[in-house]
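Q: Take a look at the following structure, please.
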Amino acid sequence: MGLGVMGKTVMRNLFGKPATVMYPVVKKEFYPTTRGSILYDESTCNYCTLCAKRCPSQAITVDRAEKVWRIDRKRCLTCNFCISVCNKDSLSCVQEYAAPVVKEFDSWLFQAERIAGEKIEGLEGQEGFSDKDA
Amino acid sequence: MGKRTVVPFGPQHPVLPEPIHLDLVLEDEKVVEAIPSIGFVHRGLEKLVEKRDYQEMAYVSERICGICSFVHGHGYCETLEGLFQVEVPDRAKFLRIMWGELSRMHSHLLWLGLMADAFGFESLFMQAWRLREKILDIFEQTTGGRIIHSVCKVGGLWRDVPEDMLKKIVETLEGMEGELQELANVFLKDYTVQKRTQGLGKMSAEEAFECGAMGPMLRGSGVAMDMRGLGQSGYEHLKFDPVVEQGGDCYARTNVRIREVFQSIDLIKQAIGLMPEGSIENKVKGSPEGECLVRMEQPRGQVIYYAKANGTRHLERFRVRTPTFANIMPLLNMLPGCDLADVPILVLTIDPCISCTER
Amino acid sequence: MFERLETKSVDKAGLVEKAKELRQDSYRLIQLHCVKTVTEMFLIYSFEKMDYEVVHYRMDVTEGETLPSISSVYTHACLYENETNELFGLNISGMAIDFKGTFYETAKNHAFTDIVNPQDKKVSKS
């Protein structure tokens, strides 16, 4: 096998950009359609409990009487089924993933560390995305 | 007669993508018999029909396997559409074909990388997976996820793909063809690769057909069977022939899979060229009833889906028979007579996807 | 769109004969599985030819019955029969390779035999 067989690939790899990204120093750029996590808008929700009934992994619980909406981020698959059944458009999908947790937490509330020390826009005060460190 | 020893192969082994266990009975470095043992990834997914209704079962069905996840979701939806006797609009059919062929490409590139790793040729492994990243990026831009797509539903699709994205897909694939050709040249013309694959695991056409081989195992031995030729789910509008090689050994199967990657690029370009405007969904009402059995072509071979429903929202039985389950018998027929060092190549040549097999 | 399933019927006594006949006709076995519902239990055998033609046979069984094996005709049937034996509790005599219940390592034996009907009582979803 001479140099000709893999020569072009070797030259391209030597003088081109690497295929990997230096995460976590460099944050990965997500695409507009990436399914990262579910965003909840409290102002338009009417607590009809449809999203809780349809969730395939029972990640959402809704308490109609006390007007509380909770999601368990560890069970959520971001399949977006809840977004399609919601009549009031209170749910939407954002590209940012919930960051990895390093401690054992109570399953309804867990605090997430930031990726590369930055705040995730629009998610302050959401259940599961708190400003405080654990 | 030499001394017999029993060597356990797996479930943890560097070449295996998923755990399978074989007890190899050796006589002085040649394999005499092989006894399989599976069941390490059995999750009992078929029993979940009792708890999840038919719309949520689509998400369970996708998660049977990570490599062939789109095909499982697609096949489940086709089976339920057969139960409801509802026809999917044409645009949805062509989009499903596009994603199915992209899925086939990424699965074959993954397999090529693992095959190179089995020889010890690590840089070729990395090159194949580097090309595969471009396809995973296309998946993320169109469906939102790299591996689990969640895009098929009973009656159509959840998402549409805009026109400029379709043009970008065609450009990316045309750019990939040159690099794919270089990769194929190394696989098929390199001296070491040829020495390790030629003449290994030879099966004639009759043997392969009778013992139940599927997919590239059959087509590498000269039998031209491809479930896309049934003319269902949109494939009747595309022009293609099954990729067939006559060698019957590991080299012929590698050749079949490489040529199928090029064939998939051609099929995607045809499908995008023929894509009509229109809706992507035909709304489905009520509950399913009856029985339906569907045969489709996965990257690894022929997959069979069976569903039975009785008029309520829950199915009574859902069954998936994957091609790797059917390919275990040809593996047990090929192993006697080979050397111990050839066993990883033979196990990889059936393209084992054990999490599909055991659900 | 695929059509609904049509099956022909076969019984325990004529099974091996039928398999031999199909093999002469150059069919091969592609799948074999068991369906158990609240009201009935049956097996489905599927055979295929090289020109994509397929036939399905249905055999009604009861729980705990002993069936003949067709691995004398088609060797690879033993894998499907071991799975049916292990998950549904049907005894099959004369398998080519008999794993004796160790094919899948499940916590419960014959795991698919207890049917939970979702309509009967309030079944928790999780």
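A short reminder: the numbers here are calculations on the coordinates, not readings from a lab. All figures in this text were calculated on a predicted structure; none of them were measured in a lab. Because the Cβ atoms are built from the backbone with ideal geometry, glycine has one as well, and the counts that use them run over all protein chains shown.
Q: Could you tell me the center-to-center distance, by alpha carbons, between region A:51-94 and region B:57-79 in angstrom?
A: After rounding, the separation between the Cα centres reads 23 Å.
Q: Let me ask something else. Which of the lysines could be linked to C:LYS100 by a straight reach, that is with a Cα gap under 17 Å, when you skip same-chain ones fewer than 8 residues away?
A: The reachable lysines, counting only those whose Cα sits under 17 Å from C:LYS100, are C:LYS108.
Q: Using a Gaussian network model of chain C with C-alpha springs under 10 Å, which one of C:LYS108, C:LYS49, C:LYS100 is most mobile by mean-square fluctuation?
A: Most flexible of the set in this elastic network: C:LYS108.
Q: Helix C:15-24 versus the longest principal axis of chain C: what angle, 0 to 90°, nearest 10, using Cα atoms?
A: In chain C, helix C:15-24 runs at an angle near 40 degrees to the longest axis.
Q: Among B:44-51, B:90-97, how do they line up by average Cβ neighbours within 10 Å per residue, starting with the highest?
A: For the peptides B:44-51, B:90-97, the packing ranking is B:90-97, B:44-51.
Q: To check my understanding: the extent here is largest minus smallest coordinate of the Cα atoms along each principal axis. What are those three numbers for the protein assembly as shown, in Å, largest first?
A: 78, 69, 51
Q: Treat each spin label as a single point 7 Å out from the Cα along the C-beta direction, and report the B:GLU171 to C:THR66 distance in nm.
A: Roughly 7.1 nm, to one decimal.
Q: Work out the length of the dipole vector of chain B about its Cα centre, built from +1 on the beta-carbon of each Lys and Arg and -1 on the beta-carbon of each Asp and Glu, and round it to the nearest 20 debye. Let's see the in-between values first.
A: Values: 41 positive and 50 negative charges, 132 e Å.
That gives chain B a dipole magnitude of about 640 debye.
Q: Still on this model: What is the distance in Å between the Cα centroid of region B:237-258 and that of region B:290-359?
A: Each part reduced to its Cα centre gives a spacing of 19 Å.
Q: Over all residues in C:28-38, what is the mean tally of Cβ atoms on other chains that come within 10 Å of each residue's Cβ?
A: Mean shielding count: 5.
Q: Would you mind putting A:33-44, B:220-231, B:252-263 in packing order, based on average other-beta-carbon counts within 10 Å, highest first?
A: B:252-263, B:220-231, A:33-44
Q: Quick check: pseudo-label points 7 Å beyond the Cα along Cα→Cβ at C:GLU3 and A:LYS88, how many nm apart are they?
A: Going from the C:GLU3 label point to the A:LYS88 one covers 5.1 nm.
Q: Continuing with the same structure: Rounded if a/c is under 1.5, else prolate if a/b beats b/c, else oblate: with a ≥ b ≥ c from the C-alpha gyration tensor eigenvalues square-rooted, which is region B:38-132? If you can, show how the numbers build up before the last one.
A: Numbers: a/c = 4.10, a/b = 1.58, b/c = 2.60.
Because a/c hits 1.5 or more and a/b fails to exceed b/c, region B:38-132 counts as oblate.
Q: Nearest 500 deg cm²/dmol is fine: what mean residue ellipticity at 222 nm does chain B get from its DSSP H runs of n ≥ 4 alone, each adding -39,500 (n - 2.57), divided by its residue count?
A: -15000 deg cm²/dmol
Q: Hey, what's the Kirkwood Rh for region B:307-359 if you take every pair of different alpha carbons, in angstrom?
A: Result for region B:307-359 stands at 13.4 Å.
Q: Same structure again: Can you give the average number of partner chain beta-carbon atoms within 10 Å of each beta-carbon in peptide B:35-47, as a whole number?
A: Details: counts 2, 4, 4, 6, 8, 2, 1, 7, 0, 7, 0, 3, 6.
Across the residues of B:35-47, the mean count of other-chain Cβ atoms within 10 Å is 4.
Q: Note the direction-averaged projected area, equal to a quarter of the hull surface, for the Cα convex hull of chain B, in nm².
A: Directional mean of the projected Cα hull area for chain B stands at 17.7 nm².
Q: If you count, for every residue in C:2-8, the Cβ atoms of partner chains within 10 Å of its Cβ, what is the mean?
A: The shielding value for this peptide is 6.
Q: Let me ask something else. Projecting each Cα onto the charge dipole of the protein assembly as shown (Lys/Arg +1, Asp/Glu -1 at the beta carbon, about the Cα centre), which of A:VAL5, B:HIS108, B:GLY199 comes out farthest on the positive side?
A: Checked the options; the winner is B:HIS108.
Q: Scale the Cα Rg of region C:5-113 by the rule-of-thumb value 2.2 N^0.38 Å and send over the ratio, two decimals.
A: Dividing the Cα radius of gyration by 2.2 N^0.38 Å gives 1.05.
Q: Something else now. Applying 1/(1 + (r/R0)^6) with R0 = 35 Å to the Cβ-Cβ distance of C:TYR52 and B:GLU33, what FRET efficiency is obtained, to the nearest 0.05? Could the numbers behind the result be given before it?
A: Values: r = 35 Å, r/R0 = 0.99.
That gives a FRET efficiency of 0.50.
Q: May I ask you to list the residues of region B:261-285 whose amide nitrogen lies under 20 Å from a point 7 Å from Cα along the Cα→beta-carbon direction of B:GLU87?
A: Correct set: B:274-285.
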